[in-house]
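**Student:** Below is one structure. I have some questions about it.
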Amino acid sequence: MRPFNDSVIYFAVVDRFSNGNPSNDNGRNPEAYDASRSDWFKYWGGDLNGVVDKIDYIKELGCSALWLTPLFDQIDGLVDVEGRGMAGYHGYWAKDFKRLDEHLAGSPEDVRVFASSDTIFDRMVGEMHRRDMRLVLDIVCNHSSPAQRPDMGGRPVKGEIYDDGKLLTSYEDDKLGWYHRNGGVSDWGNKAQVEGGELCGLADFNESRIGYRTYIKDAIKLWLDKGVDALRVDTVKHMPFWFWQEFVSDMLFHKPDLFIFGEWFQGGCYDGLSVQFANKSGMGMLDFALQRALEDALARGAGAGFELVDNVFAMDPLFDDCRHLVTFLDNHDMPRFMSAGATPARLEMGLALILTCRGTPCVYYGTEQYLHNDTNGGGDPYNRPMMEKWDTGTPAFLLIKKLAAVRKENAAVQSGSHRVKYLSKDIYAYTRVYDGDSCLAAFNRGPAAEIALENVEFPDGVYRDVISGRQISVKGGRIESLLLARDTSLVLSYCAPAPAGSGLEISFLLNGFRTAYGQRVKVTGNCPELGNWDLSKAFPLEYINDNLWLGRLTLKESAGGAIAYKFIVERDGDGVLYENRPAHFRHLPGDGRMELQHRWS
Ligand code: CA
């Protein structure tokens, strides 16, 4: 798996993004479409033609990955939600995982998306890849659809599932046994119930049926073959770990570079089961814990402020690889950051923070235009307004663009350790360091203040704040006087000159070594690049946190061959610790990139 930590993801609800093709607006059930865009539960017209029209806009924003709400064919009828009819405009009520929903299609033939390589989907992926952008497909394996209202164009069944148009099964007539029949979830602390019960009346797949597993995995592989670069996986909390382990293994076997991240609702460092999921499933995870802390500190004005944010980063060692977390300020399941109380300046501060901290930042569509609707507190569905403006000059747009460019080039932003340089309720500053690069970020949500920062881990010199352009001096490793106005952020970036030459880039990653002061992890091995077992020539890794050492090395002589290697720990004045096992062996490709991850033993 290759995470997107050098990228910024843009997340769009397709129906609410851009209508590039009015001919598909009505779909099969015109009752599910509202041309006036006043009924928030209905389709509003956005489609893949609209996405294609806006690819250059997203690219200019600096986002090189695009996550779209699910594209699968949806049920046609409306579902009763508190007495009103809701359509599957959001994409989470699939009936055919091998077809494109007709509201998104460029022509009626496009719905049979795997019958041709010339559909609007192919065109969109082609336009993205030509611009070096990657597509994140949003998938749901847990459930299909809830019951529909027969009086609103729906079939009187729930959970009908098709295979490229051929009916397979339904909840009412489940010949294949593909659905659980355990009723709704009532006890959210009961793992078996959460996994085997129904979520909001959604027909819940029975993953123990090999027929179902084969169907869903085959369907997703078809999308991967069409050029999908990453998967965002819905409701991972509601299926057992073994299912995800099998699923992830099959997907990575099919496409080894695929990035996969899951939505464990409210998951993150404070939810132990979700941390286990992140470490055991093989996929990354959306970081709801950081989202909550940022919302509390910056949007809702919680007194503890940045202490809440720092508490989350302090727990990074719980994760084997915190770079696999996907960070965000808000999404389609919660009020937008501004509906939660953030001013434009606080929204920009939150953006600057997720764009410079560990993980891969994800920007919800319209954030760069300060898009929000505060009806009923701005929760679902009011967090999904139609995109209105495409201004490439707003402060938020320019901030994302500048910091996305820093992330692209600065290895410390992508993979570095997180070292706190200043922390109070109102002011937060950290430096991130990796492979010779550094990035310093500072934030002030309180009154104007002047602070000094020690040991900022930058070479002495004059640096330009990426956001404002003002100049800051580092002398003797410190910034003597840093003036931070109210509600402003500052970002300094330093990139060491890149080493010349090419070869195979290997990242060594070690988990589980509880490091004490004066200890350094290195890799020794049987090739010249690792010193031919001579410890004085072993390759040093960098300390990222108490659960992660990392180092990247370019191999020339050994590329295309095989290596044997093991991890050692040098201890000041106390000799060397060896991994207590024979060496690891690995065959290597001739070029490209690979990651070798191990746990200390
Ligand atoms: Ca349309």
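**Student:** Which percent, nearest 5, of DSSP beta bridges in the chain are antiparallel?
**Tutor:** Percentage antiparallel, nearest 5: 65.
**Student:** Just rank 367, 392, fewest to most, by other beta-carbon atoms within 10 angstrom.
**Tutor:** 392, 367
**Student:** Rounded to the nearest whole Å³, what is the per residue volume of the convex hull around the Cα atoms of segment 1-144?
**Tutor:** In segment 1-144, the Cα hull volume divided by residue count equals 126 Å³.
**Student:** Order these by the 10 Å Cβ neighbour count, fewest first: 136, 236.
**Tutor:** Going from least to most buried by this count: 136, 236.
**Student:** If the cut-off is 18 Å between C-alpha atoms, which lysines fall inside it for residue 537, apart from same-chain ones fewer than 8 positions away?
**Tutor:** 522, 556, 566
**Student:** Mind checking the full-extension length gain between residue 266 and residue 164? Use 0.36 nm per residue of separation minus the Cα-Cα distance, one decimal, nm.
**Tutor:** Extra length from residue 266 to residue 164 when fully extended: 33.3 nm.
**Student:** Given the options 256, 239, 145, identify the residue whose Cα lies farthest towards the positive end of the charge dipole of the chain (+1 on Cβ of Lys, Arg; -1 on Cβ of Asp, Glu).
**Tutor:** Going by the Cα projections, it comes out as 256.
**Student:** Under a 5 Å amide H to amide H cut-off, with H placed in plane at 1.01 Å, what residues pair with residue 266 once short-range neighbours are removed?
**Tutor:** Distant-sequence amide H within range of residue 266: zero hits.
**Student:** Then there is this: Taking a 24 Å limit on the Cα-Cα distance, which of the listed pairs 280/402; 191/255; 237/402; 191/226; 401/425; 158/237 fall beyond it?
**Tutor:** 280/402; 191/255; 237/402; 191/226; 401/425
**Student:** Along the Cα-to-C-beta direction of residue 536, a point sits 7 Å from the Cα; which residues of segment 557-601 have their amide N less than 20 Å from that point?
**Tutor:** Correct set: 568-578.
**Student:** What percentages make up the Cα-Cα pair-distance distribution of segment 500-546 when the bins are 5 Å wide from 0?
**Tutor:** 5, 17, 25, 22, 19, 9, 3, 0
**Student:** Relative to the longest principal Cα axis of the chain, at what angle does helix 120-130 sit, 0 to 90 degrees, rounded to 10?
**Tutor:** Helix 120-130 sits at roughly 10 degrees to that axis.
**Student:** Counting just the Cα atoms, what span does segment 504-599 cover along each of its three principal axes? Round to the nearest Å and put the largest first.
**Tutor:** 37, 25, 21 Å, listed from the longest principal axis down.
**Student:** For segment 456-538, run through the trypsin sites (Lys or Arg not before Pro) and keep only the ones in DSSP coil with at most 15 other Cβ atoms within 10 Å of their Cβ.
**Tutor:** 470, 486, 514
**Student:** May I pose another question? For segment 112-243, what size does the Cα cloud have along each of its three principal axes, sorted from largest down, in whole Å?
**Tutor:** 48, 35, 28 Å, listed from the longest principal axis down.
**Student:** Taking Cα centroids, how far is segment 336-395 from segment 153-207 in Å?
**Tutor:** The distance from the Cα centre of segment 336-395 to that of segment 153-207 comes to 34 Å.
**Student:** Once Lys and Arg get +1 and Asp and Glu get -1 on their Cβ, which of 503, 453, 517 lies farthest toward the positive end of the dipole of segment 429-560?
**Tutor:** Result: 453, furthest along the dipole toward the positive end.
**Student:** How far is helix 344-356 tilted, in degrees, relative to the longest principal axis of the Cα atoms in the chain, given as a value from 0 to 90 rounded to the nearest 10?
**Tutor:** Between the helix axis and the principal axis of the chain, the angle is about 60 degrees.
**Student:** From largest to smallest, what semi-axes in whole angstrom does the chain give when each is the square root of 5 times an eigenvalue of its alpha carbon gyration tensor?
**Tutor:** 41, 30, 22
**Student:** How about segment 373-469: which GluC sites (Glu not before Pro) there lie in a loop by DSSP and see at most 10 other Cβ atoms within 10 Å?
**Tutor:** 388
**Student:** Just to check I understand the Karplus step: with θ = phi - 60° and J = 6.51 cos²θ - 1.76 cosθ + 1.60, what whole-Hz values come out for segment 530-547, glycine and proline as x?
**Tutor:** 10, x, 6, 6, 7, 4, 6, 10, 5, 8, x, 8, 10, 6, 9, 7, 5, 10
**Student:** Here is a further query. Compute the distance from the alpha-carbon center of segment 495-568 to that of segment 402-422, in whole Å.
**Tutor:** 21
**Student:** DSSP loop (so not H, G, I, E, B), at most 10 other Cβ within 10 Å: list which chymotrypsin sites (Phe, Trp or Tyr not before Pro) in segment 124-204 pass both filters.
**Tutor:** Here the sparse-neighbourhood loop sites are 188.
**Student:** Sort 249, 507 so the one with the fewest other Cβ atoms within 10 Å of its own Cβ comes first.
**Tutor:** Ascending Cβ contact count within 10 Å gives the list 249, 507.
**Student:** Can you grab the distance from the C-alpha centre of segment 20-71 to the C-alpha centre of segment 462-484, Å, no decimals?
**Tutor:** 43
**Student:** Hey, if you put +1 on the Cβ of every Lys and Arg and -1 on every Asp and Glu Cβ in segment 415-494, which of 444, 431, 469 ends up farthest toward the positive end of that dipole?
**Tutor:** 444
**Student:** Mind listing the long-range amide H neighbours of residue 596? Cut-off is under 5 Å, sequence gap 5 or more, other chains count too, H placed in the peptide plane at 1.01 Å from N.
**Tutor:** Hits under the 5 Å cutoff: 507, 508, 509.
**Student:** What are the extents of the Cα atoms of segment 415-494 along their three principal axes, listed from largest to smallest and rounded to whole Å?
**Tutor:** 35, 23, 21
**Student:** May I pose another question? Using amide H atoms built 1.01 Å from N in the peptide plane, name the residues 5+ places from residue 330, or on other chains, whose amide H lies under 5 Å from its own.
**Tutor:** The list, which skips near neighbours in sequence, is 364.
**Student:** Please determine, in degrees from 0 to 90 and to the nearest 10, the orientation of helix 210-225 with respect to the longest principal axis defined by the Cα atoms of the chain, where the helix direction is its Cα long axis.
**Tutor:** That helix lies at roughly 70 degrees to the long axis.
Just so you know, all these numbers are worked out from the coordinates, no wet-lab data involved. Small disclaimer: the values here were computed from a predicted structure and weren't measured. Because the Cβ atoms are built from the backbone with ideal geometry, glycine has one as well, and the counts that use them run over all protein chains shown.
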